[in-house]
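First the structure, in the form of structure tokens, and then the observations on it.
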Amino acid sequence: MTHSVLRRTATTAAALAGLLLATPGASAAPAQIAAAPDIPLASVKAHLTQFQSIATANGGNRAHGRPGYRASIDYVKGKLDAAGYTTSLQTFTYNGATGYNLIADWPGGDPNQVLMAGAHLDSTTSGPGINDNATGSAAVLETALAVSRAQLQPDKHLRFGWWGAEELGLVGSKAYVNGLPSAERAKFAGYLNFDMIGSPNPGYFVYDDDPAIEKTFKDYYAGLGVPTEIETEGDGRSDHASFKNVGIPVGGLFTGASRTKTAAQAQKWGGTSGQAFDRCYHTSCDTTANINDTALDRNSDAVAHAIWTLSAGTTTPPPGTSFENTADVAIPDNGAAVSSPVTVTGRTGNAPSTLKVDVNVVHTYRGDVVLDLVAPDGSAYRLKNSSSSDSADNIVATYTVNASSEVANGTWRLRAQDVAAQDTGYINSVRLTF
Ligand code: DTR
Ligand code: CA
Ligand code: ZN
Ligand code: ZN
């Protein structure tokens, strides 16, 4: 079956987004973080009822390319337009059908520090998709409405997204991210993803991607006295992967899909051991009856807590602290080393013992790649060795180098060499923070 997705625009390197929370001494004091409001479970469930009605009126589903999906988009957009959001519909084509992403910007905040929360709005063709993923869509919607009710004016700029065609391979979120110019990607402080957050036999799983985001959710649940686990049912299996793949800090929550709850998990979370977290995953019984209210309520409140908390403060380092190069530098397959130069000026004395090196290398087999930081005097600091067993894609990492014996000013280089045949890539960006 042929399909065409938004043609990938030629993307230049995306500068790595800053760490979500300020690195010591690198941020203005955050505005007082007000406590997030409670997100009323009844309001979230009212959206679920609407999504259920939409599915029932449109062939029983809300899948990509079907009328129930567009009706779902129109419902969410109507609520946001009425609440003062600047909304936009992004279209894409997949499997010969038009898909839609809905993007909603809350006016205000630092346009160079965008905090985004999102959820996929599509279901599979098999059913209404209430847990998967009307729950995430409704919690994000109700949090956005709570921002409007509170007339929140956070330091960062808030953006919300509802994705199409996630069930077909993260198609909508990939189209969105790949359509972002690199300068726009670099403005992201983080992306929060919510996909299946009301499973009937729930677990409480926190994505273990960006540490600052993960900590925000874990602290919230610790405050409730609810233990959490790291989400492991599938790295890369939801829309946060589209953002992570271009170096944007991500996080999120999940209550489980087809995996089975263990006895130990039932002991700490309640529910039924030996039973799937969601027995109706991707089936027709994923209806409004397929929800655990406590899990949905807790997670909806956690969404609001994360938005209120992570949108406060700025992470723009003061001038003269960070220097970066976002130009793409192709790395020849199994060939000579190449470099991405970073010119440092205005510093005094030597570099610090904890020089931070943010690296983003796009590659289809990262074990092929050796990375070095080369100081202005030519001294090389090994950042990453090759590995014949690390077949994963991309290198998105932060290294700390003791560069205290090096003069700070001058041209530093990220040197990359592909030392094994097949698989290629390029240096996407490098940033030094002093
Ligand atoms: N791919 C999601 C379900 C899913 C599986 N693993 C995870 C991990 C984190 C979020 C979601 C999921 C879907 O079917 O929409
Ligand atoms: Ca609540
Ligand atoms: Zn889902
Ligand atoms: Zn799904």
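The values are calculated or read from the model by the stated rules, or taken from the named source; none is laboratory data. This one's a predicted model, so the numbers in the text were calculated from it and none came from an experiment. In this analysis, Cβ positions are derived from the backbone assuming ideal geometry, glycine residues included, and neighbour counts consider all displayed protein chains. Side chains included, ligands, DNA and RNA excluded: accessible areas come from the protein's heavy atoms. Shrake-Rupley method; radii C 1.70, N 1.55, O 1.52, S 1.80 Å.
Here are the numbers:
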| quantity | calculated |
| --- | --- |
| Highest-MSF residue in the chain out of D333, D368, D390 [GNM, Cα springs under 10 Å] | D390 |
| HN-Hα J in Hz across segment 91-104 - Karplus 6.51, -1.76, 1.60, θ = phi - 60°, x for Gly and Pro | 9, 8, 10, 8, 6, x, 10, 7, x, 9, 10, 10, 10, 10 |
| Segment R237-Q275, length gained on full extension (0.36 nm per residue, minus Cα span) | 11.5 nm |
| Angstrom value of the Kirkwood radius, inverse mean 1/r, which spans all Cα pairs in segment 126-177 | 12.8 Å |
| Rough spin-label spacing in nm, given labels placed 7 Å along Cα→Cβ, for T411 and K215 | 3.8 nm |
| The chain: angle of helix 67-82 to the longest principal axis, Cα-based, in degrees nearest 10 | 80 degrees |
| Cα-based helix-to-principal-axis angle, 135-150 vs the chain, degrees rounded to 10 | 80 degrees |
| Length-normalised contact order for the chain - Cα pairs under 8 Å, 6+ apart - percent | 20 percent |
| Solvent accessible area, Å² - L170, 1.4 Å probe, full protein context | 20 Å² |
| Accessible area of segment 174-227 belonging to carbon and sulfur atoms, whole % at 1.4 Å probe | 56 percent |
| Sites D390 and K268 - FRET efficiency at Förster radius 35 Å, r taken between beta-carbons, to 0.05 | 0.55 |
| Area of R298 that stays accessible when all protein chains are in place (1.4 Å probe, Å², to 10) | 70 Å² |
| FRET E, pair T56, A150, Förster distance 35 Å, beta-carbon r, rounded to 0.05 | 0.60 |
| Stretchable slack from L224 to L89, in nm (0.36 nm times residue separation minus alpha-carbon distance) | 44.9 nm |
| Over segment 198-258, relative contact order from alpha-carbon pairs under 8 Å, at least 6 apart, % | 53 percent |
| Potential lengthening between T424 and T400 on full extension [0.36 nm per residue; Cα-Cα distance subtracted] | 6.1 nm |
| Alpha-carbon radius of gyration plus Dmax, which is the widest Cα pair, for segment 170-217 in Å | 14.0, 42 |
| Cubic angstrom per residue, convex hull over Cα atoms of the chain | 144 Å³ |
| Label-point separation in nm, N112 to T364, each point 7 Å along Cα→Cβ | 3.7 nm |
| Cubic angstrom per residue, convex hull over Cα atoms of segment 299-434 | 132 Å³ |
| Å² per residue, accessible surface of segment 211-352 at 1.4 Å | 42 Å² |
| Solvent-accessible surface (1.4 angstrom probe) belonging to F217, in square angstrom, nearest 10 | 0 Å² |
| D286 long-range amide H proximity, modeled H, under 5 Å | G129 |
